[in-house]
1. Kindly provide the set of residues from region 214-240 that are farther than 19 Å from Pro5 by Cα and touching a helix residue (DSSP H, G or I) at 6+ places or on another chain (Cβ under 6 Å), ordered by number.
2. Of everything in region 167-207, what is touching a residue at least 12 places away in the same chain (Cβ under 8 Å), farther than 22 Å from Arg308 by Cβ and open to solvent by less than 40 Å² (accessible area, probe 1.4 Å)? Give them in sequence order.
3. So, in region 93-123, how many residues would count as being open to solvent by 70 Å² or more (accessible area, probe 1.4 Å) and closer than 30 Å to Leu13 by Cβ?
4. List the strands (runs of 3 or more DSSP E) inside region 258-349, counting only whole elements, that have at least 1 residues being hydrophobic (A, V, I, L, M, F, W, C) and open to solvent by less than 10 Å² (accessible area, probe 1.4 Å).
5. Within region 82-92, which residues are surrounded by fewer than 21 Cβ atoms within 10 Å (Cβ to Cβ) and touching a residue at least 12 places away in the same chain (Cβ under 8 Å)?
6. Which of (1) open to solvent by 10 Å² or more (accessible area, probe 1.4 Å); (2) part of a loop (DSSP other than H, G, I, E, B); (3) at pLDDT below 70; (4) not aromatic (Phe, Trp, Tyr) does Ile71 not meet, given it meets every other one?
7. Of everything in region 279-331 that's of a type in the set (Phe, Trp, Tyr) and touching a residue at least 24 places away in the same chain (Cβ under 8 Å), which residue is nearest to Leu265 (Cα to Cα)?
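The values are calculated or read from the model by the stated rules, or taken from the named source; none is laboratory data. Bear in mind that the values here come from a model prediction, so they are computed numbers and not experimental data. Don't worry about glycine lacking a Cβ; one is built from the backbone with ideal geometry, like all the others, and counts go over all protein chains shown. Side chains are part of the model used for accessible areas, which takes the heavy atoms of the whole protein and leaves out ligands, DNA and RNA. Shrake-Rupley method; radii C 1.70, N 1.55, O 1.52, S 1.80 Å.
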Amino acid sequence: MQKIPATVITGFLGAGKTTMIRNMLMNANGKKIALIINEFGDLGVDGDVLKGCGAEACTEDDIIELNNGCICCTVADDFIPTMEKLLARKVRPDHIIIETSGLALPQPLVAAFNWPGIKTAVTVDGVVTVVDSAAVAAGRFADDHDALDAQRVEDQGLDHESPIEELFEDQLTAADLIVLNKADLLDAAGLQSVRDIVSNAISRKPRMIEARNGDLPASVLLGLGVGTEDHIDLRKSHHELEHEGAPHDHDHDEFESFIVELGALDDANAFVDALKPVIDRHDILRLKGFAEVKGKPMRLVIQAVGSRIDTYFDRPWTASEKRGTRLVVIGLHDEMDDEAIMRDIKALG
């Protein structure tokens, strides 16, 4: 029996993974796709966005959400049983796509494809790492890249990399294909700078391509044919290198998320404009969710990376669902004042 190809799509918070998958599902060229989503936070925003796209290639029954924690930490408890159930279906998918949370290390997830019963039926077609080009160009993964580099030249013993930068590098290390997304937000010099930063962050040199709003043909992302599970032991993460040979768990205590609930918005544009300074003031990494707008029959999707906010109406509200506005706020644990953020956002409604 021919193995089912699986594509792992990873990338930092807000890089555009969900948008890229949505575009891919709408142009799947007849492939029946199963989608596994690892959400961070209690509100399944990414799953709902993809369920609302109406793609024939991937129905609601084909979308599975794992929201019990980071997928790389819950491989045995969540991912492997999910894969086993998927493989037990009478009609198997043509392709499996796995969207990791922005916090996930791809390495342990890819290694799980060597699990007995999975390795004989599924192969990792490739790992696609999505990069927010505009964020990288702005130095989002270190406080000051120039100062950091200068310190390292003077003292090779210094290591002031933040967990975010290490995570970014680990996701690049695992990649078979790197997508420099949001390329339209930069000029040629800015894009070249991002290419240099990404290339210098890792010793391997996977192929890099540019994308605007995650718009890439499915034929570019699917069918890489790498079999990454056979090579993942050569793409070790920072965490694996630091703890090689010792039993350990990795966690993401540096991140936290919570939900803010509001009623219907009077003016969506005014709300978004007022939200930007709140995000800046509290250094919120990511904000995403849905909003009810008075006088509008459709649900408004809100996606923010830093103070860049995208909104669009995705589908009508159904009769059975509770209306209102629910937003997931994600940030660094030591830098988030939950009560102040909640108070400031609620004051906008």
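1. Hits for region 214-240 are Gly214, Asp215, Arg235, Ser237, His238.
2. Glu169, Asp170, Thr173, Ala174, Ala175, Asp176, Leu177, Ala201, Ile202, Pro206
3. Of region 93-123, the ones open to solvent by 70 Å² or more (accessible area, probe 1.4 Å) are 94, 115-116, 120.
Okay, now just the ones that are also closer than 30 Å to Leu13 by Cβ, so 94, 115.
Residues meeting the conditions: 2.
4. Values: elements: 286-291, 298-305, 308-316, 325-332.
Here the list reads 286-291, 298-305, 325-332.
5. The first filter runs over region 82-92 and keeps only residues surrounded by fewer than 21 Cβ atoms within 10 Å (Cβ to Cβ), leaving 82, 84-92.
Scanning region 82-92 gives Thr82, Glu84, Leu86, Leu87, Val91, Arg92.
6. (1)
7. Filtering region 279-331 for residues of a type in the set (Phe, Trp, Tyr) gives 290, 312-313, 317.
Checking the rest, the ones that are also touching a residue at least 24 places away in the same chain (Cβ under 8 Å) come to 290, 317.
Working: Phe290: 11, Trp317: 15 Å.
If we take residues in region 279-331 being of a type in the set (Phe, Trp, Tyr) and touching a residue at least 24 places away in the same chain (Cβ under 8 Å), then Phe290 is nearest to Leu265 (Cα to Cα).
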